[in-house]
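Visitor: Sending over a structure as structure tokens; questions will come in a sec.
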Amino acid sequence: MSKYIGVLYGISVGTGDPELITVKGLRLLQQVSVIAFPAGINHQQGLAEQIISPWLSPQQQKLPLTFPYVQDEAKLQQAWQQAAIDVWAYLEQGLDVAFACEGDVSFYSTFTYLAQALLQAYPQVIIKTVPGVCSPMAVAAVLGIPLTLRSQRLAILPALYTVAELEEVLTWADVVVLLKVSSVYNRVWTILQRLNLLDKAWIVERATQPEEKIYRDLGDRPHLSLSYFSLLIVQVTHS
Ligand SMILES: C[S@@+](CC[C@H](N)C(=O)[O-])C[C@H]1O[C@@H](n2cnc3c(N)ncnc32)[C@H](O)[C@@H]1O
């Protein structure tokens, strides 16, 4: 008889409000005995762990996984491989593991790298994912606006690498979403000012969390000190 191998579930837990977890995600989070999540920094809880903590029981095994915030590819690979080893130790014992992912698991998520590292090292691994609320959807709800309408074209930039990139996108997209805007806000503000788009832009910081903040009037805000969890939306009108 072949040995039972546990299943790794990638669970989208939404953007902050614990009630944004789907019914399926919650059921799995409460049913699985090992709960993994990205470890917080400086001994503080990470966001995914904070979101799920009201739903967990003390009996469930917690498995914080360390993913360093660095650009160095070798260090990242090493961290993903280590995380894969740590998760596999439970799966091979026949225990299921649920990995809690902030926002949606398929939307610019660390979970993908963990899944790739596991598949590479242990091709027999079984991985299932549960979709959820990602940050652009949550931000649209917070602002009370539709993200897109009719034939509008939506562009999502995961980070701004060059100013030219944003300028080019603004020539064709009707709605532009910028993730990780905190580190490039000044440059983005200058471009939006030049293109007369500041009154069509919003920033939401920590959407659906207790510290949520909305910035609607960017015209007199060339400098803002923003959390990493901030997103900018611009509604561009093309005639
Ligand atoms: C690596 S991406 C992760 C995206 C996430 N998986 C999702 O589904 O939204 C991180 C970026 O998502 C955006 N983000 C995630 N959660 C957010 C929140 N609650 N409020 C505002 N922006 C958020 C920020 O732009 C942040 O820099």
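Visitor: Going by the structure shown, is Val181 touching an Asp or Glu at 6+ places or on another chain (Cβ under 9 Å) and either within 29 Å of Thr22 (Cβ to Cβ) or more than 15 Å from the ligand (Cβ to nearest atom) (or both)?
Guide: In short, no.
Visitor: Checking Glu165 against (1) in a loop (DSSP other than H, G, I, E, B); (2) modelled with pLDDT under 95; (3) more than 18 Å from Glu102 (Cβ to Cβ), only one condition comes out false. Which one?
Guide: For Glu165, the failing item is (1).
Visitor: To continue, here is another question. Are there any pairs, at least 6 apart or on different chains, whose C-beta atoms fall under 9 Å, with the first in segment 118-131 and within 14 Å of Trp80 (Cβ to Cβ) and the second among the charged types (D, E, K, R) and surrounded by 13 or more Cβ atoms within 10 Å (Cβ to Cβ), and if so, which?
Guide: Tyr122/Glu92
Visitor: Moving on to the next point. Only one of Lys3, Lys62 is basic (Lys, Arg) and more than 30 Å from Glu212 (Cα to Cα); which?
Guide: The match here is Lys3.
Visitor: Please verify whether Tyr228 is within 30 Å of Leu28 (Cα to Cα) and either open to solvent by less than 80 Å² (accessible area, probe 1.4 Å) or in a loop (DSSP other than H, G, I, E, B) (or both), treating the condition exactly as stated.
Guide: yes
Visitor: I would also like to ask the following. If you go through segment 47-59 one residue at a time, do you hit one that is within 14 Å of the ligand (Cβ to nearest atom) and touching a Cys at 6+ places or on another chain (Cβ under 9 Å)?
Guide: yes
Visitor: If you don't mind, there's one more thing I want to ask. With the requirement that a residue be surrounded by fewer than 17 Cβ atoms within 10 Å (Cβ to Cβ) and in a helix (DSSP H, G or I), what does segment 1-53 give you?
Guide: Pro18, Glu19, Val23, Lys24, Arg27, Gln30, Gln31, Ser53
Visitor: Taking Ala121 as the residue in question, decide whether it is more than 13 Å from the ligand (Cβ to nearest atom) and in contact with a helix residue (DSSP H, G or I) (Cβ under 7 Å, 6 or more places away or on another chain).
Guide: For Ala121, the condition - more than 13 Å from the ligand (Cβ to nearest atom) and in contact with a helix residue (DSSP H, G or I) (Cβ under 7 Å, 6 or more places away or on another chain) - is met.
Visitor: So which residues in segment 1-34 are among the charged types (D, E, K, R) and within 13 Å of the ligand (Cβ to nearest atom), if there are any at all?
Guide: Matches in segment 1-34: Asp17 only.
Visitor: When the residues of segment 200-218 are narrowed to those that are over 22 Å from Gln50 (Cβ atoms) and either modelled with pLDDT under 95 or within 10 Å of the ligand (Cβ to nearest atom) (or both), which ends up surrounded by the fewest Cβ atoms within 10 Å (Cβ to Cβ)?
Guide: Residue satisfying both the conditions and the ranking: Asp217.
The values are calculated or read from the model by the stated rules, or taken from the named source; none is laboratory data. What you are looking at is a predicted structure, and each value in this text was computed from that prediction instead of being measured. Here the Cβ is made from the backbone with ideal geometry for all residues, glycine too, and neighbour counts use every protein chain on show. Side chains included, ligands, DNA and RNA excluded: accessible areas come from the protein's heavy atoms. Shrake-Rupley method; radii C 1.70, N 1.55, O 1.52, S 1.80 Å.
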